[in-house]
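This report concerns only the one structure given below.
The values are calculated or read from the model by the stated rules, or taken from the named source; none is laboratory data. Since this is a predicted model, take the numbers as computed values, not measurements. For neighbour counting, all protein chains shown are included, and Cβ atoms are generated from backbone atoms with ideal geometry for every residue, glycine included. We work out accessible area using only protein heavy atoms, side chains counted, and drop any ligands, DNA or RNA first. Shrake-Rupley method; radii C 1.70, N 1.55, O 1.52, S 1.80 Å.
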Amino acid sequence: MANKELVSRFHAGTLTDGWHWFGAHPEVKRDKKGWTFRVWAPHAKAVSVVGDFNQWDEQANKLRRSGEIWEGFVPGLEAYTAYKFAVTGPDGEVRLKADPYGFHTETRPATASKLYDITGFRWTDEKFREKMRSHQVYDAPLNIYEVHLGSWKKRDNGDFIDYKDLAKDLAAYVRDMGYTAIELLPVTEHPLDDSWGYQCTGYFAPTSRFGTPKDFMWFVNHMHKNGIAVLLDWVPAHFCKDAQGLYEFDGECCYEYSDHNKWEHASWGTRVFDYGRPEVKSFLFSSARFWLEEYHIDGLRVDAVASMLYLDYDRQGGPWTPNKYGGHENLEAIDFLRELNTMAFSVNPGVMMIAEESTAWPLVTRPPDVGGLGFNLKWNMGWMNDMCHYLKLDPWFRQDHHKDITFSMMYAFSENFVLPISHDEVVHMKGSIVGKMPGDYENQLRCLKGFYAYLLAHPGKKLLFMGAELGQWHEWDSNGQLDWYLLQQPLNQKIHRFFKEINAFYKKEAALWEIDFGWEGFEWLVPDDNHNNVVVFLRKDKKGRDLMCAVNFSPNTYENYRMGVPPHRRYVPVFNTDDPAYGGAGFGDKEPVAVERIASHGKEQSAAIRIPAFGAVFLRGEGKLPKPRKKSKAKELENP
């Protein structure tokens, strides 16, 4: 593409592969090896490249201006050389800025970009990628293990583990535990560990905390070789105000809104991207495509979508600027999200574009041509909030809050939902997943098993933050690591085995994932037994085969719990959370349960099963119930 056409697309907001041109790239000019630099700085009076190589002299390697873009060639530089742009603003002040399109950075607390050539990595994951393209997520199992790389596991001396060693350990663990995908908290470069990556400075750079860009490519490739999809949290909603970042890049608002009623999320201390500015759209589109193409990422979970959609978000009682119709919807952000998703699916039709959207905004996972935002998955934040509230209740009071475990089915198929129990639910004094449960630790583990079985049985794809599978009792510490020592304890070994085996059960049972987004895959049997804290329902596969799921959120065992069922001959128990192998008492049916001609719950036949306390059982419907024999005419006369 000619530079003129490329620049035109950049200014039109349609450049989606800008990393090939902007930033720093190795070139040979006049027989001299060096690097060509390009940066957008529309308000700047001057721009130069500075670093140790020129003693940070802003006069040494000046860039020339062409419209709003500055460009220049510096010979003799080597890979890994640290550099910044010295940007002279309209006020005459010189600001040292990291490269917005930089591929590599110094490790914090240092903040410079580093020269790096990302070409030449040898990928070996084509079979996996082809499988992902041909087997899309809608009717496939998706059980996501959410991971913060910095605190999943550390070296014995407390140092971070590098990308390659993390890949080896994490891939083996995730595969053994039966998860189908990992979702990484942001790996885009960020200065502050405590932000967990959600306040970024490098939208094209995997954090150097764990190694080089090609090390991260190796990480993804190794995950794919082990059959594990890789999702990234990606943050186009806002960016941090660190001096080296995008913040007032050339002394004026470039990447952020200039309207003071729109430009900042005060409670986060961050600036908001200007979604109406074409050059900002090109930057963000390019960032998203960059991770999908250059790093073979299988999907992006777009963070804080609600904050993008509403002009009055987090401005309760404060000033905000309405849209041209007087409403609070950010029309520019809506268009941006639609274009983003359209672009992503054009790059990879099998991509997962996941919205973290916490309101009732309609049609988030519907195509733009029918008025949707164009995502194909959305976190179900309502379900998550209801469940976290319910799990904390004393079992006696759960009867008055039964809607917490049933209301989600009122809207379960309005979007393509993911059921998330994420990092946000185990920090800031919220406690661990186990810590939300009532009773002593042993009882909490029993509750954890029942809840996780309910999560896997409920329609929707699944996500669980790291650590729950260990029975970790304290909340997540992003500066530490998971409590791996717990696996030395028999109870925790058993809960760990439970997670491994129920994940395998989930993958094997098509009824639990083949129809996640429609009523054809779900049927209530007992939705309203609030006094016993029990729900029973069927999940169904595309062939109509059903799996009974009975979940008991009370401390009582139920010996003959009867409910109306379809006319099968029997229900065969296939999984029980109370198995002694998982630390349970073994309460539950061991043999097939006969379906009887006893009317119940609006059906002509029923079955009576055993349900353990705080547990769940799964039974598979088999055979066909014989029709009752008709009485002969003589018998009818004898017994009118």
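One table, with the values for the structure above:
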| item | result |
| --- | --- |
| Boolean, Y275 is open to solvent by 50 Å² or more (accessible area, probe 1.4 Å) and of a type in the set (S, T, Y) | no |
| Single residue of K462, K500, K430, K508 found to be more than 22 Å from the chain's Cα centre (by Cα) and either farther than 23 Å from A581 by Cα or of a type in the set (K, R) (or both) | K508 |
| Residue identified as crowded, with 16+ Cβ neighbours inside 10 Å, in a loop (DSSP other than H, G, I, E, B), under 35 Å from the mean Cα position of the chain (by Cα) and not small (G, A, S) among F587, F575, F614, F618 | F614 |
| Filter result for E58 (part of a loop (DSSP other than H, G, I, E, B) and touching a residue at least 12 places away in the same chain (Cβ under 8 Å)) | yes |
| Residue list for the range 555-572, restricted to those being surrounded by fewer than 20 Cβ atoms within 10 Å (Cβ to Cβ) and in a loop (DSSP other than H, G, I, E, B) | P555, N556, T557, P566, P567, R569 |
| Residue match in the range 149-159 (condition: farther than 18 Å from F216 by Cα and open to solvent by less than 30 Å² (accessible area, probe 1.4 Å)) | no |
| Residue selected from the range 102-117 under the condition open to solvent by less than 50 Å² (accessible area, probe 1.4 Å) and touching a Lys or Arg at 6+ places or on another chain (Cβ under 7 Å), by the criterion nearest to R38 (Cα to Cα) | S113 |
| Complete set of residues in the range 373-423 that are surrounded by 18 or more Cβ atoms within 10 Å (Cβ to Cβ), among the charged types (D, E, K, R) and part of a helix (DSSP H, G or I) | D386, R398, D404 |
| Residue in the range 196-214 that is open to solvent by 40 Å² or more (accessible area, probe 1.4 Å) and at positive phi present | no |
| Scan of the range 455-486 for residues that are of a type outside the set (A, V, I, L, M), surrounded by fewer than 21 Cβ atoms within 10 Å (Cβ to Cβ) and part of a helix (DSSP H, G or I), ordered by number | W484, Y485 |
| Number of the condition not met by Y80 [criteria: (1) open to solvent by 50 Å² or more (accessible area, probe 1.4 Å); (2) more than 14 Å from K114 (Cβ to Cβ)] | (2) |
| All positions within the range 222-248 that are open to solvent by less than 10 Å² (accessible area, probe 1.4 Å) and either assigned to a helix (DSSP H, G or I) or over 16 Å from C200 (Cα atoms) (or both) | M223, H224, I228, A229, V230, L231 |
| Candidates V526, V551, V534 - the one that is farther than 27 Å from I495 by Cα and of a type outside the set (D, E, K, R) | V526 |
| Qualifying residue in the range 37-44 (condition: within 22 Å of E293 (Cα to Cα), of a type in the set (K, R) and surrounded by 18 or more Cβ atoms within 10 Å (Cβ to Cβ)) | yes |
| Residue within the range 159-177 that is within 27 Å of E279 (Cβ to Cβ) and β-branched (V, I, T) present | no |
| Where a residue in the range 416-437 is hydroxyl-bearing (S, T, Y) and its partner, wherever it lies, is open to solvent by less than 20 Å² (accessible area, probe 1.4 Å), with Cβ under 6 Å and at least six apart | S422/E146; S422/F465; S432/V426; S432/Q472 |
| Hey, F73 touching a Ser or Thr at 6+ places or on another chain (Cβ under 9 Å), open to solvent by 50 Å² or more (accessible area, probe 1.4 Å) and either assigned to a strand (DSSP E or B) or within 28 Å of E256 (Cα to Cα) (or both) or not | yes |
| Hits in the range 249-261 (condition: crowded, with 22+ Cβ neighbours inside 10 Å and either in contact with a Ser or Thr (Cβ under 7 Å, 6 or more places away or on another chain) or under 18 Å from F336 (Cα atoms) (or both)) | C254, Y255, E256 |
| Tally, over the range 299-344, of residues that are out of contact with any helix residue (DSSP H, G or I) (no Cβ under 8 Å at 6 or more places or on another chain), open to solvent by 50 Å² or more (accessible area, probe 1.4 Å), outside any loop (DSSP other than H, G, I, E, B) and touching a residue at least 12 places away in the same chain (Cβ under 8 Å) | 2 |
| Complete set of residues in the range 255-269 that are more than 12 Å from P236 (Cα to Cα) and either part of a strand (DSSP E or B) or β-branched (V, I, T) (or both) | E264, H265 |
| Only one of D31, D52, D99, D91 that is within 24 Å of L284 (Cβ to Cβ) and either under 39 Å from the mean Cα position of the chain (by Cα) or open to solvent by 70 Å² or more (accessible area, probe 1.4 Å) (or both) | D99 |
